[in-house]
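See below for the structure under consideration.
The values are calculated or read from the model by the stated rules, or taken from the named source; none is laboratory data. Here the structure is a predicted model, which is why all the values come from computation and not from measurement. Note: ideal-geometry Cβ built from the backbone for every residue, glycine included; neighbour counts use all protein chains shown. Please note that ligands, DNA and RNA were not included when accessible areas were found on the heavy atoms of the full protein model with its side chains. Shrake-Rupley method; radii C 1.70, N 1.55, O 1.52, S 1.80 Å.
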Amino acid sequence: MRTFLALLLTLLAVPVVAQDMLPPAPYAYQQLDDPALETQAQNLMLTLRCLKCQSQSIADSDAPMAGDMRHQVRTRIAAGENPEAIRAWMVERYGAYVSYKPEVSASTWPLFVIPLVLIALVLFVLSQRLRRRA
Amino acid sequence: MKRLRLVLWGVVAVVACLFGLFAFQLSRPKDDVVVSAMIGKPMPQFDLKPSVADRPGLSTRDLMDGKPKLVNVFASWCVPCAAEAEQLAALEQNGAVIVGIAIRDRPQDVAAFLQAYGNPFTRIGADDISEVQLSIGSSGVPETFVVDGKGIIRYQHIGDIRAENIPQLLQELRKAES
Amino acid sequence: MIAELGLAALWLAAALAGLQLFAAVIGLIGKGDDAEGAGIAGLVRPAAIVQALLCALSFGALLLLFARTDLSVLLVATNSHSMKPMIFKLAATWGNHEGSMLLWVSVMALSGGLIALVERRLPVRTMIATLGAQAFVGLGFYAFLLFSSNPFARLAEPVAEGQGLNPLLQDIGLAFHPPTLYFGYVGLSVAFSFAVGALLTRQVTPEFARVMRPWVLGAWSFLTIGITAGSYWAYYELGWGGWWFWDPVENASLMPWLAATALLHSASVLAARDALRAWTIMLGVVAFSMSMIGTFLVRSGILTSVHAFAVDPERGSFILALLTIYIGGALVLFALRANTVAEGERFSILSREGALVVNNVALSAILGIVLLGTLYPLLTEAFDVRVSVGPPYFNPVGAIFFLPMMLVLAVGPMLRWRNDRLERIRWSAIGLLALPVALAIGLGISLKIDLLPLLGMALSASVAIGSLMPLRGRALRRVPLATWGMVIAHFGVAVALFGMSADTAFQKERLVAARVGETVQDGPWSITLKSVEPVAGPNWTAIRATLLASYDGGPVQESHPQARSFWAPPQDTSESALLTRWNGQLYTVLGGEAEGDRWQLRLWWKPFVTWVWYGGVLIALGGALALIGRVSGDLKRRRAQARNIERRSAGDPLMENPA
């Protein structure tokens, strides 16, 4: 019993996550000077998934890797790259998982067809239940 | 009335499918790894400065010298990286050429890490802002890529290398040779 | 001793639930006319009441164990710590899987007891069927607790110290967020039981809707508060200023809310017009299904979430089995009984029920979208493809149904039942529909903001004005409480919608590495980093910044964000600090130390963000008022009826001696 408990306790104890000692990447916590570009970067960062976290965008995470990804986004935006091109760059490396914005593809088409079916269904139900004024 | 009944049986069918999906997903272990989409594609262009004094840095050109290599993405602050040191040494003994990419790491820490756990690397590049890691679709440490002599990424191993993974990695290296 | 007592009470309660179910089945089979059957059926109500008391006792025992930090109990040892403040010791009772399930069955048993005690309007057989269904659902959860999640399990030897509680959860907002949600979920189980009871006895009547309505109102108000509190907690605790992430766990709480909102409105139509019978039953089943699916998704860990809680696939299997029995069972029963629920007549577009149908259909469609987006990654994972569905999907696709619904919400409440005259409402309706268009064009030209927040702001004005229309031309003192509830809840929707849109459109973010003494601007605020010093709490140490902030040159206010390190268990968190004004909040976070004696500061000026939660509170308040209005109305009617019978029997000799 005691060994079982000891085992249990080690399993339950949350280990201090091993953390690196380097300072964050330059643009992890630093905004771009041009507010318009920063807005572009911010909007993109909100829709890219932090790969080290549980379901958070890289704009909402303190994970060092999220910081490095923000750095990538900001420097690329500053270099004049289009936000969607940067998203495509990420997707090329990590697959569709990295982007919170699903694109129509062989594996995601139901996400877009079902809402259309829902619209049709809503209109149908309304036409069945409602009549013009008597 | 007939229509309502039909709709309801339809709902029952959909819900049954949904619960079936739940049961299927429960029955298998949750897979949290993010696989790189770069397998089969060439290594992106990079040139990393040396991480420690006694090993040169790493660039794309170094991976295109005609000989397949293991690219080990690691860090001194990562616990599983220390755990796989033994397996890396075994791979080295079996003739594998191993190069390292040190993620977000200070030179003195890497040096101490290699001192403690051995140094199987011929080259170690310092990736201070995870730039190369991001560009090859690696989402954590440690990860090990098999890159062929032309610099094409052939295989990715996620997590620490266990003893039972060694044959697989050696086989992937041989496959990359042809 | 206390733990054993709690466990014994729980077993007894489960046994009583079994008795309650058995008696109900006998009662229903026996048609109620043979004396023996009626006698056994008479046990249903007392069984429900005693069961409620035993559950309360059991939960009280667990509370006491946590209050005393009894480290010989496994659950206490793994979830509490002697150094924790008392309030968090108590909150730890339900801050874990076993305790929260015990809370769940306790609330469920209390609801059942309350129905048994006070509800006299339904036909006896429907009542028995309802309590039987309640006992049947309860039994599953008792089995879950007793066989796979015993909260009272003892350790062979007590440990010296407890394992603590996740520091992120040591927060007053979060201490009360889960129980509020459970009250909502469990309240919906009552609606579910009523729906099943009505189906079993084929009594889907307006009276059934009236009896069910207070329970839906109550559950819905709790859900609203729970979601609002959860959103506020995520907002200030996660440290990045977001208040809704479309995370699977958030969606899991939103889905029952959407279903309950629809149910609330369709029950109104059923109560007033004896229509939408099948639809109301369906929503009754769906609402509780969503609660259970939500619980399943959160606990089974099959979805990746930032709020993952008590994850365990084995428990997931148990909940899935319960899901299949209850939800599958109810749906099959419904399909078999489809012929007993007649479809009502068609409604006029220009009537209250017409507007409510639009509301119901739109809410159901939004529910469909949220369900689809939440579960879709699960579906593709079955084929080993991983995708992510997030805000860029939910926001625009949800808006397709949400925005038209808001237009109808602006006009709907002033429509009359049955058939309104166009002439009566023509000008107000045109005004309410034209206002958002004009506002949207005006705002769109003068400010550069995205389409969705723009439309949201424009519509919120319409909804706000429209929500007050039912009060027009009435003596405010004589407006019934239920109508006040509707007005306030709808007004709350407008307030929340405005808050969401305004914050999205106008928030100002500033990330700086500041030296002590340095002043930075964020929107209208100027903020000076005055000092950074270490502080210590009961189970943490922290560095704390003192910021001096002034809004638009106004008086200086202090703000104290902290970077905290807990040591039981060890974990780092950042504690944001908020400065609240009527028109928004300044949100400050202290990050790490940067080069050259600088400190990372994250500053957000979030205009009108508080309105999101004020709106949520208003919506819940509206629900509570409507609940009080309905219940007191029912009580008054009941008393009047009783008086009538008395008077008649006293004054009319025929009544006295009908023979």
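Miscellaneous remarks
- Scanning the stretch B:115-165 for residues that are within 14 Å of chain A (Cβ to nearest Cβ), open to solvent by 40 Å² or more (accessible area, probe 1.4 Å) and not in a helix (DSSP H, G or I) yields B:D128, B:I158.
- Odd one out for C:K530, checked against (1) free of Cβ contacts under 8 Å to residues at least 60 places away in the same chain; (2) open to solvent by 40 Å² or more (accessible area, probe 1.4 Å); (3) of a type outside the set (A, V, I, L, M); (4) out of contact with any Leu (no Cβ under 8 Å at 6 or more places or on another chain): (4)
- Residue within the stretch B:73-85 that is touching a residue at least 60 places away in the same chain (Cβ under 8 Å), away from chain C (no Cβ under 14 Å) and open to solvent by 30 Å² or more (accessible area, probe 1.4 Å) present: yes
- Checking C:G592 against (1) assigned to a strand (DSSP E or B); (2) surrounded by fewer than 22 Cβ atoms within 10 Å (Cβ to Cβ); (3) modelled with pLDDT of 95 or more, the condition it does not meet: (3)
- Residue that is modelled with the lowest pLDDT [pool: residues in the stretch A:54-70 that are facing another protein chain (nearest Cβ under 7 Å) and open to solvent by 20 Å² or more (accessible area, probe 1.4 Å)]: A:Q54
- Residue check for C:L459: buried (at least 22 other Cβ atoms within 10 Å of the Cβ), in contact (Cβ under 8 Å) with a residue 60 or more places away in the chain and not β-branched (V, I, T): no
- All of (1) of a type outside the set (F, W, Y); (2) more than 10 Å from every other protein chain (Cβ to nearest Cβ); (3) over 19 Å from B:S130 (Cβ atoms); (4) without any contact (Cβ under 8 Å) to a residue 24 or more places away in the chain hold for B:Q45 with one exception: (3).
- Number of the condition not met by B:Q108 [criteria: (1) more than 10 Å from chain A (Cβ to nearest Cβ); (2) open to solvent by 10 Å² or more (accessible area, probe 1.4 Å)]: (1)
- Unique residue being assigned to a loop (DSSP other than H, G, I, E, B) and of a type outside the set (F, W, Y) when the list is C:L114, C:L110, C:L71, C:L90: C:L71
- Sole exception among (1) open to solvent by 10 Å² or more (accessible area, probe 1.4 Å); (2) in a helix (DSSP H, G or I) for B:L63, by number: (1)
- Of all residues in the stretch B:141-173, those being free of Cβ contacts under 8 Å to residues at least 24 places away in the same chain and not polar (S, T, N, Q) number 3.
- Residue in the stretch C:69-82 that is surrounded by fewer than 23 Cβ atoms within 10 Å (Cβ to Cβ), free of Cβ contacts under 8 Å to residues at least 40 places away in the same chain, of a type in the set (G, A, S) and assigned by TED's automatic domain parsing to the domain that holds C:L19 present: no
- Checking each residue in the stretch A:24-72 for being of a type in the set (V, I, T) and in contact with a strand residue (DSSP E or B) (Cβ under 7 Å, 6 or more places away or on another chain) picks out A:T47, A:I58.
- Scope the stretch C:362-387; condition open to solvent by less than 20 Å² (accessible area, probe 1.4 Å) and more than 19 Å from A:V113 (Cβ to Cβ); matching residues: C:A362, C:L363
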